[in-house]
1. Want the number for residue 153 to residue 312: 0.36 nm per residue separation, take away the alpha-carbon distance, what's left?
2. So how much slack lies between residue 69 and residue 140, counting 0.36 nm per residue of separation and subtracting their Cα-Cα distance, in nm?
3. Given a Förster distance of 51 angstrom, what is the FRET efficiency for residue 207 paired with residue 130, based on the Cβ-Cβ distance and rounded to 0.05?
4. What ³J(HN,Hα) values, in whole Hz, does the Karplus curve 6.51 cos²θ - 1.76 cosθ + 1.60 give for segment 294-308 when θ = phi - 60°, with x put for Gly and Pro?
5. What distance in nm lies between label points placed 7 Å from Cα along the C-beta direction at residue 169 and residue 332?
6. Each label point is 7 Å from the Cα along the Cα-to-Cβ direction; what then is the distance between the points at residue 119 and residue 194, in nm?
7. For segment 106-166, what's the relative contact order in percent, using C-alpha pairs closer than 8 Å and at least 6 residues apart?
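Taken together, the values in this text are just the output of simple stated rules run on the coordinates, not laboratory data. Predicted model, so just to flag it, every value in this text is computed and none were measured. Positions of Cβ are backbone-derived with ideal geometry, glycine not excepted, and every protein chain shown enters the neighbour counts.
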Amino acid sequence: MVPMFESDLEDNTFRRRLMKEVAPGVPVHFSFYSPSVKVQIQPFAERLPGANGRYIGDAVTIEFIPEDAAAVERVREFVWHWEEHNAFTGVRKINHLRRGVCPDSVQGMLERVRGVDKRAAAKAAEAVDYEELRDLIDEKDCKTLARLPGLGEKRARAIVEFYQNEGSDQRFLYAANRNDRFRGRPVITELDLDRDLEEQVFDHAGRARSLGNPDPLGLEEPPGHTTVRNANLVHPLPMTPSLMSRGVFYEEQIEAFADVLRRVLVDGERLAGVDELRIQRGKLFHTTKMPGVGMRTRARVLASGLLDDEYTYENLLAIQGVTEAQARTIAEAARIEAARIEDGARTEVRVP
């Protein structure tokens, strides 16, 4: 095995940070080296019991929110497994900020702000304590903030603006293709929570199609996932749904997405688990390897409009370009998955 780090000191620092940062109820983001690595790892992340592993929309990052101490251990084991599996599938960063700093410290508060680097945050931390910094931000005292070592006027304004946005009730739908230079600017829709959410999601989804190839059988990239963000537009809000598709948005998909938005943003419900958060068609293809079923066949099935529970042999065979063997393979995989989910539900009911 090739070590993940060049020295034992770095490796030990990495392990101590992991032990400290993975805690029940705290969002932790794991970023891998490439989208292809994320695709390789994602199915395993989603199946960690109690860990709520999910893709958050920037092509390489998975978010975990462990529910209890057992889930914390599962997340740690997940990281070590992939580090040992291959040097290039090692975790690149472990944090729910940008550099693994405690969010309830001066350095952690400052590093969250775009434009405030690690060195500037460390300098400022020597001159002010956490409560003083909170008071300066709440009072919007840019002048005093600017006098702190390492900050200056520009960074002081950015800090005040960032935390104003964090406290704002504004919520946005944000869709971006990871190759933004070639696909155009991200599509952003501010949500009005007093209006019909479904109508707003439909409008957003229609505009987001411009970020991808509208032909589901095309070889070009799909649009980026639509995530829910606050006024800073930096990171998706923890435990909110993502709308995923290959450039084609189906009505019932958008209806389900809007329903989850209402439950989370309006009713204040806290959802847990990938099955409740990932609003998409064709999840079977993400979680099950099927011999003889390639990307083109998958795209044809997705374009057909069938839901996962409609993957019967007869329905699949009716899709142009799907062979009998492929229809039989997909139908059998869907049957096994449905039986597994049903068994899980039965087991859950039995638990007192």
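1. Between residue 153 and residue 312, full extension yields an extra 50.9 nm.
2. 21.7 nm
3. 0.80
4. Karplus-based 3J(HN,Hα) across segment 294-308 equals x, 5, 5, 5, 4, 4, 5, 5, 5, 6, 6, x, 5, 7, 4 Hz.
5. Between residue 169 and residue 332, the label points sit 5.5 nm apart.
6. 4.9
7. Normalised by residue count, the contact order of segment 106-166 is 34 percent.
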